[in-house]
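Only the coordinates and a few stated rules stand behind these numbers; no lab work does. None of the values given here were measured: they were computed from a predicted structure. Using ideal geometry, Cβ is built from the backbone for each residue, glycine included, and neighbour counts are taken over all protein chains shown.
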Amino acid sequence: MMRRLKEEILHADLVVAGGGLAGTCCAITAARQGIRVILVQDRPILGGNASSEIRLWILGATSHMGNNNRWAREGGVIDEILCENLWRNPEGNPIILDSILLEMVVAEPNIRLLLNTAVDSVEMDEALQQITSARAFCSQNQTVYQLTAPLFCDASGDGILGFLAGAAFRMGAESAEEFSEGMAPPRATGDMLGHSLYFYSRDTGRPVHFIPPAFALTDISTLLRFREIRLSDTGCKLWWLEYGGNLDTVTQTEEIKWELWRIAYGVWNHIKNSGEFPDAENLTLEWMGTIPGKRESRRFEGDYILIQQDIVEQRIHKDAVSFGGWAIDLHPPEGVYSFEPACSQWHSRGVYQIPYRCMYSRNVHNLFLAGRLISTSHIAFGSTRVMATCAHNGQAIGVAAALCCEHQRLPAALAEKPLLEQLQQRLLRSGQYIPHLPTVDPCDIAPQASIETTSTRTIDEFPSNGKFIVLETPQAMLLPLQAGRVPVFTLVADVDRTAELTAKLMGPAKEGNYTTDILHARLHCKLELGKNQQIRLDFETSLEAAGYVFLVLQPAPGVWLHLTDERLTGVLRLVQGMNAAVAKTSIQAPPPDSGVDTFAFWLPERRPDGQNLALSVEPPIPAFRAEQAINGINRPWLHTNAWVADRDDPRPTLTLQWKEERAVQKLQLSFDTDFDHPMESVLMTHPERVSPHCIKSFRILTDSGQCIFETKNNHQTRRTITLDAPVFTTTLAVEVLETYGAPAAIFGVACFAEAQTP
Ligand SMILES: Cc1cc2nc3c(=O)[nH]c(=O)nc-3n(C[C@H](O)[C@H](O)[C@H](O)COP(=O)(O)OP(=O)(O)OC[C@H]3O[C@@H](n4cnc5c(N)ncnc54)[C@H](O)[C@@H]3O)c2cc1C
């Protein structure tokens, strides 16, 4: 007699297949927007490639590898995850990240999470070209689930829902001609990026033998980059152990995995037994990946296909809902068996918008596309594929799904006004960052208030702390200047060799970028020997518009610039250069006619002994006006967009004041958790658990002095405060009780009369 497995029928508003970061952030966002979500993940934990099964660090538009995207860490749920991970896990332990993701998902009552459950078939309404249900099987509880919903989201990496539903997709590189992409090959190929497997090692304190499994590669020299093996490289640093990009990365994935095991065990055998690494004697193989990290397979077609030019030219899209900023990062398909460099990274001058039309299938009408499988060319995929970008796109889909449910519409209906505007504004309100798009929310009553503060900082003086840096490579201070006469800057230096100092004022050619394309002014000054010299830089020039400007100092051997301990929101010291790990590829000349040119890279300097240059500015720059806290932009962009209090203000307070009494039930506050910090999630350790600019404890008071909220341990960028009942007041005061070190800063305050405001 044939028996049938237990069957359960579940219904929701949205079914998300795949619990990588795209699926997880999509599900959390949709649930918080009030719709019911089923999140189906075929593995025991969430996070996909970021999970402890694979252990990739979450990156996006900010990166320790270097680029010119300042303050570009993604916002919303992925920011919440990264801030929480930094707080709990500055050691970069992947298991802790797993626990955070699980905690955040199960905290959402609107999510039904099915772990160890794989989607394996769909049913369609062929006439409507819509998915009606998906079937999924859990091997742990031997249950088959029938999942029905009006909307589905494919966040499964390889695109299980899209493939089964017949959604249009592509695999392999397009020809250069198809989209006029200069970086694409002359002819279309099946070439993709390959899979990788990592391992971790550990020092046991005593000699450890290693006998390799019989399947390990014995002749390591067949790996063309075997000479690059370094003992210190574990986990993500072994990204180049790559293979399989010229095979079918979906159906041949098990074959690829076995080859990667052969390679990875072979590399470890080489480290332990070749004699070339005597320091490896006490090392044991602590962990070996069992599931390969997949880079590329199917890319599904939406109503728009993102291409190279969108990224390189930073094209503006009316339906922008997200952004990217990783380099166009392409790898040879043969991976370790290729003669070519393991990766080639071509950077855009700044971040680029990602349109909503890339996030739903063009022919399966109720299917959203999330993660690495969104609608891009192979070249553009080289940039959009990183996890923080995938997660941020997932958030856009979460909000879109909620709007579709509210308005009984299909995903494509949101690509046009008026629903498009609702989508963008609601996304911004949910913490999403969309470059060039400020929040304009008619429900927010904060912009109707006048603002008073106990103090407002200017950029006036960064006092010397007695530490120095020698001016060997170009240094810069990135400063938010006003339109009009440029102030006079005075540096402090010790000079042990007579020198000529060249200083320049430089800025971007494109609004909102952080590049040195344009020279505003230059001056030279002769420096005599001596300590504590005041170097006065008066450029005697004016700027037509306010914006970020680089005060660049060219190398001058023998000149020691003084540093300061002072850190300030929206001000950075940068050094020209490139992370050595990618320098050989990142600044190599791009292919002729590729549409990409070369330009200078500037990296932030985060030194514990002094982040910024000691500097005084006359007249001071009024960079932190309180009105910036209600201007709808919650990170530095063109301006600092923050209110910052004086360093010695004993109780920094920002007070909103309305002419008449207002009802307030919900507040949103945005703090400075340093959007320039990538907060790598695993492997890389961080010296701090929270950005020094962040506000640690604060309280909110009404006009009667009633405290309606107080917290003592904040480490998040955004705090949404929902009161049980509305308060009626003419003022609301945000009182800062403590920061993590830097002067108190607030990027945004929003107030709503109703708790339900999405
Ligand atoms: C070796 C390597 C190095 C990389 N380096 C970086 C890096 O440094 N930083 C970075 O940010 N990105 C990096 N990337 C890219 C990045 O990891 C991927 O592009 C990203 O993980 C894609 O996110 P996703 O959510 O679409 O897919 P995934 O992270 O793969 O998540 C998809 C999830 O769907 C699940 N799933 C699959 N099929 C089903 C099914 N039938 N039913 C239910 N669930 C299913 C999978 O188990 C998986 O958990 C790298 C990738 C690789 C492979």
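Would you mind classifying the chain by shape? Square roots of the alpha carbon gyration tensor eigenvalues, ordered a ≥ b ≥ c; an a/c under 1.5 is rounded, otherwise it is prolate if a/b is larger than b/c and oblate if not.
Here the chain falls in the oblate category.
Counting other Cβ atoms within 10 Å, which chymotrypsin sites (Phe, Trp or Tyr not before Pro) in region 187-232 have at most 14 and lie in a DSSP loop?
Here the chymotrypsin sites (Phe, Trp or Tyr not before Pro) that fit, given the DSSP loop and packing criteria, are 215.
Using a Cα-Cα cut-off of under 25 Å, which lysines could be cross-linked to residue 696, ignoring same-chain neighbours fewer than 8 residues away?
666, 712
Can you put 317, 407, 378 in order, fewest other beta carbons within 10 Å first?
Least crowded to most crowded, the residues run 407, 317, 378.
Taking the alpha-carbon centroid of each part, what is the distance from region 696-731 to region 330-406 in angstrom?
Region 696-731 and region 330-406 have Cα centres separated by 38 Å.
Given the DSSP H assignment, sum -39500 (n - 2.57) over each helix run of at least 4 residues in the chain and divide by its residue total; what's the result at 222 nm in deg cm²/dmol, nearest 500?
Only helices count here, giving -4500 deg cm²/dmol.
Report, by chain and number, residues whose modeled amide H sits under 5 Å from the one on residue 169, excluding near sequence neighbours (fewer than 5 apart, same chain).
Here 301 satisfy the definition.
Greater than 21 Å separation of Cα atoms is the criterion. Which listed pairs, 467/504; 257/294; 318/510; 6/257, meet it?
Long pairs (Cα-Cα over 21 Å): 467/504; 6/257.
Please report the net charge: other residues with Cβ closer than 11 Å to the Cβ of residue 516, K and R +1, D and E -1.
With Lys, Arg at +1 and Asp, Glu at -1, the net is +1.
Take every Cα pair under 8 Å in region 145-248 that's 6+ residues apart, average their separations, divide by the length, and report that relative contact order as a whole percent.
Across region 145-248, relative contact order equals 27 percent.
May I ask you to sort 649, 672 by Cβ crowding, counting other Cβ atoms within 10 Å and putting the fewest first?
649, 672
Assuming a ≥ b ≥ c are the square roots of the Cα gyration tensor eigenvalues, decide whether region 126-204 counts as rounded (a/c under 1.5), prolate (otherwise, with a/b larger than b/c) or oblate.
Values: a/c = 3.69, a/b = 1.15, b/c = 3.21.
Oblate shape, in that a/c is at least 1.5 and b/c is the bigger or equal ratio.
Can you give the extra length, in nm with one decimal, that the chain gains between residue 723 and residue 7 once fully stretched, where that is 0.36 nm per residue apart less the Cα-Cα distance?
253.6 nm
Under the Karplus relation 6.51 cos²θ - 1.76 cosθ + 1.60, θ = phi - 60°, what is the ordered set of whole-Hz ³J(HN,Hα) values for region 316-329, x standing for Gly and Pro?
Coupling constants for region 316-329: 8, 10, 5, 9, 4, 10, 7, 8, x, x, 5, 4, 6, 10 Hz.
What list of ³J(HN,Hα) couplings, whole Hz, do you get for region 161-174 from phi and the Karplus terms 6.51, -1.76, 1.60, once you set θ to phi - 60° and write x for glycine and proline?
Once θ is set to phi - 60°, the couplings for region 161-174 become 5, x, 5, 5, 7, x, 5, 5, 9, 10, 9, x, 7, 6 Hz.
With the contact rule set at Cα under 8 Å and sequence spacing of 6 or more, what percent relative contact order holds for the chain?
Once divided by the residue count of the chain, the mean separation gives 16 percent.
Just add up the charged neighbours of residue 688: K/R +1, D/E -1, any other residue whose Cβ is under 11 Å from the Cβ of residue 688.
That sum, taken over residues with Cβ under 11 Å, equals +1.
Which cross-chain or sequence-distant (5 or more) residues have an amide H under 5 Å from the amide H of residue 188, H modelled 1.01 Å from N in plane?
Residues meeting the amide H criterion: 175.
Any idea how far the Cα center of region 151-168 sits from the one of region 1-58, in Å?
13 Å
Which helices count as membrane-span-like in the chain under these terms: full DSSP H, at least 27 Å along the axis by C-alpha, Kyte-Doolittle mean of 0.0 or more?
387-407
Just to confirm the filter: which GluC sites (Glu not before Pro) across region 263-333 are DSSP coil and have at most 16 other Cβ within 10 angstrom of their Cβ?
Listed in order of number, the matching sites are 276, 281, 313.
Where nothing but the Cβ of Lys and Arg (+1) and of Asp and Glu (-1) is charged, how large is the charge dipole of the chain around its Cα centre, in debye to the nearest 20? Write out the running numbers ahead of the final one.
Working: 66 positive and 88 negative charges, 100 e Å.
Roughly 480 debye for the chain.
Expected output is a single nm value to one decimal: the length gained when fully extending between residue 524 and residue 123, i.e. 0.36 nm times separation in residues minus the C-alpha distance. What is it?
That pair, residue 524 and residue 123, stretches by 137.1 nm at full extension.
For 404, 343, what's the fewest-to-most ordering of other Cβ within 10 Å of each Cβ?
343, 404
Starting from the amide H of residue 354, placed 1.01 Å from N in the peptide plane, find each other amide H under 5 Å away whose residue is 5 or more places distant or on another chain.
321, 322, 323, 324
Taking only C-alpha pairs under 8 Å that are 6+ residues apart, what is the relative contact order of region 453-579 in percent? Please report the intermediate quantities before stating the final value.
Numbers: 287 pairs, mean separation 57.1, N = 127.
Across region 453-579, relative contact order equals 45 percent.
Region 41-95: which GluC sites (Glu not before Pro) are DSSP loop and have at most 11 other beta-carbon atoms within 10 angstrom?
91
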